[in-house]
Amino acid sequence: MAIKRNLAVICAATVALGACNSNDPVLLNTLDGKAPLVVAHRGAGGYLPEETVEAYAMAIEQGADAIEPDVVSTKDGVLIARHDPNLIYSTDVASHPEFASRKRKMSVDGLVEEGWFAGDFTLAEIKTLGGTSTDAERPQQFNGRYKIATIQEIVDMIKKSGRNMILYPETKNPTFHREAGLPLEDKLLALLTAAGWNSPTAPVFVQSFEPGSLKYMRGKGATVRMVQLIDADDVDLKTGALTYAAPFDRPYDWAVAGDKRLFSAMVTPAGLAEIKTYADAIGPWKRYIVSSKGSLGTDGKLVDANGDGKVNEADSTTTAPTSLVADAHKAGLLVHPYTFRNEKRRLALDYKGDPKREYKQFYALGVDGVFSDFADTALAARADYLKEIGY
């Protein structure tokens, strides 16, 4: 079996030169030997305002294996799909004069933000808002046209689709919600139980950056598969090393408890073993698996390699993969890295502007799934990859 698994890597390494022609059956390097999942991150966020009903409908039409909503709470305790409790980032709330008086400042995971917060709005009020694109390079003509989805609506969409799709919700800022008197976990667990989806074989992965949120649900009888997310602040393009700054340096519940460990502690053998006691998978930022590094000029500054007047990921080249996928698999954990995107400014030079090259590299490394804003591209790259290695 090891020989066949290694063949997948060898074939993948020769993808650029042509398909691998061996007749020997190929097993993938995933934990279970199955093809990696494609998770539609916030729905079809690359095309439509994220986490709206229409964005999830498009992701289902694209054929994603799973759709991912971030879970926040309304004032009346309804779980909705938003990446941030602060609605200013992804809705047209600022253009609604009837809500002008609700603008305020709040501390979210230790950072003071100003805006309009979901916990100050009922679901009926939330439904009057329109979602907006959070990336200026993406289509803007749909801003304000589509409504925010509730988690229940997403469950209903999956069931109605008739497909064996996976719901992949994230408890978002769970400590913040708990301190605001709007805890997420019990409501999410009740919703999953009512759907008949509280079992190890249910089409569900529940994820969180805060270990305490996952452990709480385990203690409350949740038997669904769970995923520990692993973050970092950025990459130092001079060295390729990950950097850590609050609030992306450690889980916020660790910060509140005075635990000084960084997210990096989670990717050590001891950290992975600890995660295995309460979760089934890790969701690391993809740079934990393959980082990137720029080149330095004679002045010691990063070189604008593509000459576009900016220095960013597009001017860097990938570094050698880490052992994280193999280490996690050894610990019995699935690996679902995030987030893959199509924009050229997000692609290292060696991908030559082709996002499929990035997906194929990660598929060859044995990841068990990928989070993508462009599920259609991820699916096409997977189909090409599987064909090229003769799977």
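The values are calculated or read from the model by the stated rules, or taken from the named source; none is laboratory data. Computed from a predicted structure; not experimentally measured. Here the Cβ positions follow ideal geometry from the backbone for every residue, glycine too, while neighbour counts run over all protein chains shown. Areas reflect the complete protein model, heavy atoms only, side chains present, ligands, DNA and RNA absent. Shrake-Rupley method; radii C 1.70, N 1.55, O 1.52, S 1.80 Å.
Key figures for this structure:
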read-out: Residues satisfying the stated conditions in region 43-67, i.e. in contact with a Pro (Cβ under 7 Å, 6 or more places away or on another chain) and closer than 17 Å to Gln152 by Cα; value: Glu51, Ala55
read-out: Hey, Asp373 among the acidic types (Asp, Glu) and more than 16 Å from the chain's Cα centre (by Cα) or not; value: no
read-out: Residues being out of contact with any helix residue (DSSP H, G or I) (no Cβ under 8 Å at 6 or more places or on another chain) and in a helix (DSSP H, G or I) - total across region 372-385; value: 1
read-out: Output for region 30-63, where each listed residue is surrounded by fewer than 23 Cβ atoms within 10 Å (Cβ to Cβ), within 20 Å of His336 (Cβ to Cβ) and in contact with a Gly (Cβ under 7 Å, 6 or more places away or on another chain); value: Thr30, Leu37
read-out: Selection within region 358-391 - free of Cβ contacts under 8 Å to residues at least 60 places away in the same chain, closer than 26 Å to Val311 by Cα and open to solvent by 30 Å² or more (accessible area, probe 1.4 Å); value: none
read-out: Of residues in region 226-282 being within 20 Å of Glu185 (Cβ to Cβ) and hydroxyl-bearing (Ser, Thr, Tyr), the one surrounded by the fewest Cβ atoms within 10 Å (Cβ to Cβ); value: Thr277
read-out: Those residues of region 211-225 which are of a type outside the set (Phe, Trp, Tyr) and open to solvent by 50 Å² or more (accessible area, probe 1.4 Å), in sequence order; value: Lys215, Arg218, Gly219, Lys220, Thr223, Arg225
read-out: Test set (1) more than 29 Å from Ala40 (Cβ to Cβ); (2) free of Cβ contacts under 8 Å to residues at least 60 places away in the same chain - Ala255 fails condition number; value: (2)
read-out: Ala270 farther than 27 Å from Val112 by Cα and either in a strand (DSSP E or B) or touching a Ser or Thr at 6+ places or on another chain (Cβ under 7 Å) (or both); value: no
read-out: Count of residues meeting criterion [of a type in the set (D, E, K, R) and open to solvent by less than 70 Å² (accessible area, probe 1.4 Å)] in region 86-101; value: 1
read-out: Residue among Ser208, Ser161, Ser199 that is of a type in the set (Gly, Ala, Ser), open to solvent by less than 50 Å² (accessible area, probe 1.4 Å) and under 17 Å from the mean Cα position of the chain (by Cα); value: Ser208
read-out: Odd one out for Glu61 among (1) farther than 13 Å from Met165 by Cβ; (2) over 17 Å from the mean Cα position of the chain (by Cα); value: (1)
read-out: Count of residues meeting criterion [open to solvent by 40 Å² or more (accessible area, probe 1.4 Å) and over 19 Å from the mean Cα position of the chain (by Cα)] in region 285-296; value: 3
read-out: Filter pass, Asp299 being acidic (Asp, Glu) and surrounded by fewer than 16 Cβ atoms within 10 Å (Cβ to Cβ); value: yes
read-out: Selection from region 173-223 of residues that are part of a helix (DSSP H, G or I) and among the β-branched types (Val, Ile, Thr); value: Thr175, Thr193
read-out: Of the criteria (1) within 22 Å of Val108 (Cβ to Cβ); (2) crowded, with 21+ Cβ neighbours inside 10 Å, which one Asp186 fails; value: (2)
read-out: Residues that are assigned to a helix (DSSP H, G or I) and closer than 26 Å to Leu347 by Cα, drawn from region 229-265; value: Phe263, Ser264
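Okay, residues lined up against (1) under 26 Å from Pro269 (Cα atoms); (2) touching a strand residue (DSSP E or B) at 6+ places or on another chain (Cβ under 6 Å):
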| residue | (1), (2) |
| --- | --- |
| Thr298 | no, no |
| Asp304 | no, no |
| Ala331 | yes, no |
| Pro337 | yes, yes |
| Phe340 | yes, yes |
| Ala348 | no, yes |
| Glu388 | no, no |
